[in-house]
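Below: one structure, written as structure tokens.
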Amino acid sequence: MRDVSIAGIGLTPVGEHWEISLRDLAQEAASEALDNAGTTAVDAIYVANALAGQISRQEHLGPLVADVLGLRGVEAIRVEAADASGGMALRQAYLAVASGAIETALVVGVEKFTDLVASPRQSALASSLDAEFEAEQGATPAAMAALIMQRYLYEYGLTLEAFAGFSENAHANGALNEHAMYRNRLRPGMFASAPVVAPPVGLFDAAPEGDGAAALVISSSEHARDMGAVPVRIVASAAASDSLAVQDRANPLALEAARISARKAFQQAGLGPDDIDLFELHDSFTIMAALSLEAAGFAETGQGHRMARPEMIGLGGSLPIGTFGGLKARGNPGGATGVYQAVEIVQQLRGVAGKNQVEGARIGMAQNLGAMGGTAVTHIFQPLD
Amino acid sequence: MEVARHWRLRKQRYTLPEVTPNDVMGPLAGQQSMSAANGAVLTMQAERVEASRVTTGEVYSWTTVFNPPFDFEEQAPYFLAMIRMDDGALLTAQLTDLDEEPQIGMRVEMVTRKLRTDGPAGMIIYGYKFRKNL
């Protein structure tokens, strides 16, 4: 297997982009990434997307994105793994380049949520759950997160306030990020008084769905050195699966796929949790942030919520998370999320994160989850030189 | 119209406790779960399912759905729960016929109810829900 690096990055702001189509979002982010890498010579395109078929009535995204980039003829495929599509697409590109079959790949994550609203959007979101055992009962991702969170609060004798720090951290970091969907800090008391989404999940527990696109140029490390920007090496790439239906898990409060993928990633990199300088986790709901921290080995079982304090997860904390606002404040761009996470870590490791910079960051980790954790993809990154 | 999709789930929807592992589907049918401790695959045994006529359990967790999917709007808000059946299986299902807020541990029993209508001209889809033990 060859050494693989990220040679270029691009992204759009996440938000309600009524005036921008799916293809235009993809074009904007991908063009920026190609410019950043200083190349248009890509051998394959991996498009990460979760719901375009339902929301935009557009499947077959590979040729759509290739065409809009002026790259007709290049092989192009869409990767779908719910909101883990981005991490999974990055992994497919990594494997292709590492194998030597592909020299340079373009990963484009794109999601266009806002063309649907209300119950039709909820139906689209619910398609990432088990159709027969969850969605057919009227479940949505927010409802499933609520079921997990309700039991977590019960098991560990907690109140919702235990999770406030995750949301406050996300909004504090999002306030500094010009690409963030929400740039407001949470004032004291706002979390506790938020409208209820699905009890106990409140408005500030749930990440807002937003339109957005992000892109990466992936190449062999040898080749990436000769390209236009500072390369960042992918030192580990691992994915795992869990039961799609939460009811089929031995412990519904444990993210088994996240645990397996993190363990495999640490093994590949020869690193452990103490070595990680920043962690872009999948905070689609605050409970998922806590469970992700537990699954990845940063907290003991049932103790993930204890990390929701600035001295631990803030930009200057022991393990900064959601450094550009995470899904909660930067916004949740669905199947593009995993690509955003990688782009943001590259910015951190290049030292170009501006006001969101984690000082001295050398090793970054991203964990991208699909729906309630049926898919988990973990990557670890380091500067190449 | 999705008639066949729902027709093939009729045992799961209407007679869940009588589903056997030889039937196609079901959380009770040959369910496997991965032990986090040792990685061993535990199969919830066929005997349990065959011996089971369990229709009762208790609320493992619950929430209220205010933002429903398409075709569920007229029911909203509704209680969604996970039920720990008395034979150990876990099921995601709606709570029905309930005038009070559910509690974790509340005893419930399975009933057949309308889940939704498949669009204005579609079939009515029935299935299991749970109500407080009478």
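I'd like to know if segment A:151-160 contains one or more residues that are within 25 Å of B:Ile83 (Cα to Cα), among the small types (Gly, Ala, Ser) and out of contact with any Cys (no Cβ under 9 Å at 6 or more places or on another chain). Looking through segment A:151-160, at least one residue is within 25 Å of B:Ile83 (Cα to Cα), among the small types (Gly, Ala, Ser) and out of contact with any Cys (no Cβ under 9 Å at 6 or more places or on another chain).
From the list A:Ala143, A:Ala126, the one residue that fits, being facing chain B (nearest Cβ under 9 Å), surrounded by 24 or more Cβ atoms within 10 Å (Cβ to Cβ) and within 17 Å of B:Ser61 (Cα to Cα), is A:Ala143. Listed by first and then second residue, the pairs with beta-carbon distance under 9 Å, at least 6 apart or on different chains, first residue in segment A:28-40 and touching a residue at least 12 places away in the same chain (Cβ under 8 Å), second part of a helix (DSSP H, G or I) and buried (at least 16 other Cβ atoms within 10 Å of the Cβ), are A:Ala29/A:Ala336; A:Ala29/A:Val339; A:Ala29/A:Val343; A:Ala30/A:Val65; A:Ala30/A:Val68; A:Ala33/A:Val343; A:Ala37/A:Ala224; A:Thr40/A:Leu34.
Filtering segment A:219-231 for residues that are under 22 Å from the mean Cα position of the chain (by Cα), in a strand (DSSP E or B) and not hydroxyl-bearing (Ser, Thr, Tyr) leaves an empty set.
Evaluate segment A:251-258: report whether one residue or more is over 22 Å from A:Gly326 (Cβ atoms), out of contact with any Gly (no Cβ under 9 Å at 6 or more places or on another chain) and not hydroxyl-bearing (Ser, Thr, Tyr). Within segment A:251-258, one or more residues are over 22 Å from A:Gly326 (Cβ atoms), out of contact with any Gly (no Cβ under 9 Å at 6 or more places or on another chain) and not hydroxyl-bearing (Ser, Thr, Tyr).
Being under 25 Å from A:Phe285 (Cβ atoms), surrounded by 24 or more Cβ atoms within 10 Å (Cβ to Cβ) and either touching a strand residue (DSSP E or B) at 6+ places or on another chain (Cβ under 8 Å) or in contact (Cβ under 8 Å) with a residue 24 or more places away in the chain (or both) holds for only one residue in A:Val201, A:Val217, A:Val232, A:Val196, and it is A:Val201. From the list A:Glu132, A:Glu75, the one residue that fits, being out of contact with any Pro (no Cβ under 8 Å at 6 or more places or on another chain) and at pLDDT below 95, is A:Glu132. Count of segment A:277-308 residues, restricted to those that are in a loop (DSSP other than H, G, I, E, B), surrounded by 22 or more Cβ atoms within 10 Å (Cβ to Cβ) and touching a strand residue (DSSP E or B) at 6+ places or on another chain (Cβ under 9 Å), is 6. Here the condition is being closer than 28 Å to A:Arg2 by Cα, crowded, with 24+ Cβ neighbours inside 10 Å and among the charged types (D, E, K, R); of A:Arg72, A:Arg91, it holds for A:Arg91 alone. The single condition from (1) over 19 Å from B:Met82 (Cβ atoms); (2) away from every other protein chain (no Cβ under 14 Å) that A:Glu300 fails is (2).
For the residues B:Asp99, B:Asp87, the requirement of being more than 10 Å from chain A (Cβ to nearest Cβ) and either closer than 21 Å to B:Arg13 by Cα or crowded, with 17+ Cβ neighbours inside 10 Å (or both) singles out B:Asp87.
Annotation note: Cβ proximity below 6 Å between a residue of segment A:154-166 that is within 14 Å of another protein chain (Cβ to nearest Cβ) and a residue that is not in a helix (DSSP H, G or I) (sequence gap 6+ or interchain) occurs for A:Tyr154/B:Ile104; A:Tyr156/A:Gly302; A:Leu160/A:Pro200. For segment A:313-334, the count of residues that are over 22 Å from A:Glu168 (Cβ atoms), buried (at least 24 other Cβ atoms within 10 Å of the Cβ) and in contact (Cβ under 8 Å) with a residue 24 or more places away in the chain is at least one.
The values are calculated or read from the model by the stated rules, or taken from the named source; none is laboratory data. Everything quoted here is computed from the prediction, not taken from an experiment. Every residue, glycine among them, receives a Cβ derived from its backbone with ideal geometry; neighbour counts consider all protein chains shown.
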